[in-house]
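Undergrad: Dropping a structure here in C-alpha cells format, bear with me for questions.
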Amino acid sequence: MKFWHLVLVIGLIVSMGCEEEGPALDDQVRNEIFKVLQSGAEHPTDPYVRAETMRVLELLKDPAFNNFAEGRLKDSSAMVRVAALRVLLANNHAEARSLALQMFNETSGPERLAVLSATLEHAPEPVQRELIGRAIRSPDEEVRRIAFEQGYINRIDSAIAESKTQYLERSLYPELARFMNLDDPILAARALEKFLEVGQADRAETFVKIFSRGDVSLEERTQACYVLVGAGAQAAKEHFTSLLERNSEILNDTSLGVPVERVEPELVKCATLGLTALGEESTIADSQKYLKGATIQETVRILNALAKSPSEESEISLRVAMQDSRNDVRNRAIELYAQRADASPEALIRAMSGAPFATQKRISELLRTKFKDAWTKELSSALQRTSEVDRTLKILRDVIVTQQEANDIIIPIKPELQKIADEGHEERAPLAAYLLALTVEPLDDKAIAELDRKFDDPTRYAFIEFQVRENHMDYQRLFRVYFNADLYVIRLMSAAGMWRAAQSGAAPVASPSNSTNGPVDE
C-alpha cells in the first residue's frame, strides 16, 4: 500500500509539472488501452473478469470495441454472453436486432429475462417491439408480465399523458382488448385493470359471466375469477359474496343427509381473495391462511390481493413477505408495499438487509425519492451503532451510482462518515473516505494523493469507476497514473476513464490493427 501510494504521488507530481496535456491519447497509449481491454475480454479462466470487462465496454459505448464483445456472444458463461449483448445493443450494432432475437430464442429462465431487460434498456424501439411480441408468448410468466408492462401498458400510459385520444381509441385500446380472454389470465387481469382505470367498467362483464355460470368448466370459472381478482373488478363483488355465502350454508348444514352440492375449494379461495382485494376486511384472515405452503406464483397472487386492501393486517403480510427468501416473492412484495399510502420507511430499510443488489438498489431509490428525511435519520443512527455500521457502509457503497444520488444521500450524513474515517478502522475507514469523496468538487492532485492514502483496492476501484461514469473530464491525470497499477481491474477502469475523456474531447479513433493477445496480470 505504501509503495503504491508513493508511485501515485510521484506520478501526480510529474503530471503536474508538465504542460496541460488535454484528453488526447498518442498511439502507444491507445494501443495499451486496447491491450488491457482485450486481455480482460479474452481472459481464459475467469468469467467474472470477462463479464466485468464487458460491463466497462457497455459504459464506454464505443463501437471501436465491438469486436471484443462479438467474441463473447458464445462464451461458456451466460453472465458473459448477456454482458456482451448489452455492449452491442448499447453501441447500436448493425446486427443488434438479429443478435437479441436469436439469443432470446435460444435461452430460458434468468438468461432470457436478462436478454429482454438488455433489449428494453438499449435497443431501438422497433427492436424492442419485435422482442416484446415474442416475449408475450413466452412460457415464463415473469417474462410475459414485464414484456406486457413495458410494451402495451407503457404505450397506453404515454398516450394518455399526451392526450392522444384518437390513437388510444383506434389503435391502443383495440390492441389491449386482444388480451381480454382466458388464453393468458395473468395478462388478461392486467389488461382489464387498465381498462377499469380509464373508466371502461363494462369490460369486466365478460369475465363475470364466465365466473358466475355453472355450466362452464371449473378451470374456466377459476381463471375468470382470478382475472377479476387481479383487476380489482367491483362488478364481481356480489358474485364473490354469493359464492362464499352459499359455501357457508353448505358447511353449516346440520341435516343428516350428504350435501347435494359442493363449492369447489379453488373457487372459494379465489372469491375470498377477490373480496379481500375489494377492501372486505372480514376475509383478510382467510386470505392470509392461503399463504402457508403456497408456491411462488400462488404467493404472489395472494399478495397482489392483500396489497389492494388498506387494512393494517394486509400491510403486515407485505412486511413479512419483504423478508421472504424467494427473490420473486420478496421483490414483488417490495413493489406492492412501496405503492401503499401507509408504507413505512423503517420496513423498507429492514428489507434491505441481506437482499441482493437489485433489490437494495430498488429500495434505496424509493427511500431517496419518497422518504428522504426518514432515511437520513435512520442512516445517521445506523452509522453510530457498532452492530450496523459495516452493513450500512457497504450498502451505501453499492447503491450510490450517480452524482445526484451521492449528493442526496451522503451530504446529510457527512459528520457521521467523517468520524468513521478519522477512527482509522481497517475496513470501515476506507469505505467512509470513499463515500465522503463522492460529494466534493473535483479534487486537486494533493487532495487525491491524500485521499488515496485512505483507500484500499476495492474502494480505489469504486472511486475510479464513479469518476469515469460521472466526472471523467475532471480526473484525467488520475486515470493516467492509475493506469500503471499492478492490479488488473484498476488498470481496466483507468483505461476506461482515459478513453472516455479522450472521446469526449476528440473525434472517435479507429481500432488499432496491431493489438495483441496477452494474459491478464493478476
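Undergrad: HN-Hα J couplings of the range 440-447 from phi, Karplus 6.51/-1.76/1.60, θ = phi - 60°, integer Hz, Gly and Pro as x?
TA: Residue by residue, the range 440-447 yields 9, 5, x, 7, 7, 4, 5, 5 Hz.
Undergrad: Once you list every other residue whose beta carbon is under 12 Å from the beta carbon of residue 424, what net charge do they have if Lys and Arg are +1 and Asp and Glu are -1?
TA: Within the 12 Å Cβ shell, the charges total 0.
Undergrad: What ³J(HN,Hα) values, in whole Hz, does the Karplus curve 6.51 cos²θ - 1.76 cosθ + 1.60 give for the range 298-315 when θ = phi - 60°, with x put for Gly and Pro?
TA: Rounded to whole hertz, the list is 5, 4, 4, 4, 5, 4, 4, 5, 4, 5, 6, 8, x, 6, 5, 4, 5, 4.
Undergrad: Going by how many other beta carbons lie within 10 Å of each one, how would you line up 390, 26, 215, fewest first?
TA: Numbers: 390 13, 26 9, 215 5.
Result, fewest neighbours first: 215, 26, 390.
Undergrad: Report the one residue of 150, 51, 85 whose Cα lies farthest in the direction of the positive end of the charge dipole of the range 42-165 (charges on C-beta: Lys and Arg +1, Asp and Glu -1; origin at the Cα centre).
TA: Positive-end residue among those listed: 150.
Undergrad: Checking the a/c ratio against 1.5 first, then a/b against b/c, what shape does the Cα gyration tensor give for the range 43-139?
TA: Taking the square roots of the gyration eigenvalues as a ≥ b ≥ c, the range 43-139 is oblate.
Undergrad: Starting at the first residue of the range 332-347, write each ³J(HN,Hα) from the Karplus equation 6.51 cos²θ - 1.76 cosθ + 1.60 with θ = phi - 60°, in whole Hz, x for Gly and Pro.
TA: So the J values, rounded to whole Hz, are 5, 4, 5, 4, 5, 5, 5, 7, 7, 5, 9, 4, 10, x, 4, 5.
Undergrad: Hey, another quick one. Given Cβ point charges of +1 (Lys, Arg) and -1 (Asp, Glu) and nothing else, what value in debye, to the nearest 20, does the dipole of the range 65-207 about its Cα centre take? Show your work: numbers first, answer last.
TA: Details: 18 positive and 22 negative charges, 67 e Å.
Charge dipole of the range 65-207: 320 debye, to the nearest 20.
Undergrad: Starting from the Cα gyration tensor of the range 83-228, take the square roots of the eigenvalues, sort them a ≥ b ≥ c, and report rounded, prolate or oblate (rounded when a/c is under 1.5, otherwise prolate if a/b is larger than b/c, else oblate).
TA: On the way: a/c = 3.38, a/b = 1.62, b/c = 2.09.
Cα axes put the range 83-228 in the oblate bin.
Undergrad: For the chain, with only Lys/Arg (+1) and Asp/Glu (-1) charged at the beta-carbon, what is the dipole magnitude about the Cα centre, in debye rounded to 20? Kindly include the intermediate steps, with their values, before the conclusion.
TA: On the way: 63 positive and 81 negative charges, 63 e Å.
Result for the chain is approximately 300 debye, rounded to the nearest 20.
Undergrad: Rank 160, 392, 60 by how far each Cα sits towards the positive end of the charge dipole of the chain (+1 on Lys, Arg Cβ; -1 on Asp, Glu Cβ) and give me just the farthest.
TA: Of the candidates, 160 comes out farthest on the positive side.
Undergrad: Could you tell me which of 304, 37, 103 has its Cα farthest along the dipole of the chain towards the positive end, charges placed at Cβ (Lys, Arg +1; Asp, Glu -1), taken about the Cα centre?
TA: Sorting the options by dipole projection puts first 103.
Undergrad: What is the gain in length, in nm to one decimal, between residue 217 and residue 158 on full extension, counting 0.36 nm per residue of separation less the C-alpha to C-alpha distance?
TA: 17.4 nm
Undergrad: Express in nm, to one decimal, how much length is gained between residue 198 and residue 238 on full extension, taking 0.36 nm for each residue of separation and deducting their alpha carbon distance.
TA: 12.2 nm
Undergrad: Okay, next question. Starting with the highest mean, order 320-330, 462-472 by the number of other Cβ atoms within 10 Å, averaged over the residues of each peptide.
TA: Averaged packing, sorted descending, gives the order 462-472, 320-330.
Undergrad: Pop a pseudo-label 7 angstrom from the Cα along the beta-carbon direction at both residue 209 and residue 456 and give the gap in nm to one decimal.
TA: Inter-label distance under the simple model: 6.8 nm.
Undergrad: What is the packing order of peptides 147-155, 232-240, 414-422, 301-309, taking the mean over residues of other C-beta atoms within 10 Å and listing the highest first?
TA: 301-309, 232-240, 147-155, 414-422
Undergrad: With a Förster radius of 51 Å, plug the Cβ-Cβ distance of residue 94 and residue 292 into 1/(1 + (r/R0)^6) and report the FRET value to the nearest 0.05.
TA: 0.45
Read-outs: derived from the displayed coordinates by stated rules, not from any lab. These figures come from a predicted structure and were not determined experimentally. Backbone-built Cβ (ideal geometry, glycine too); neighbour counts: all protein chains shown.
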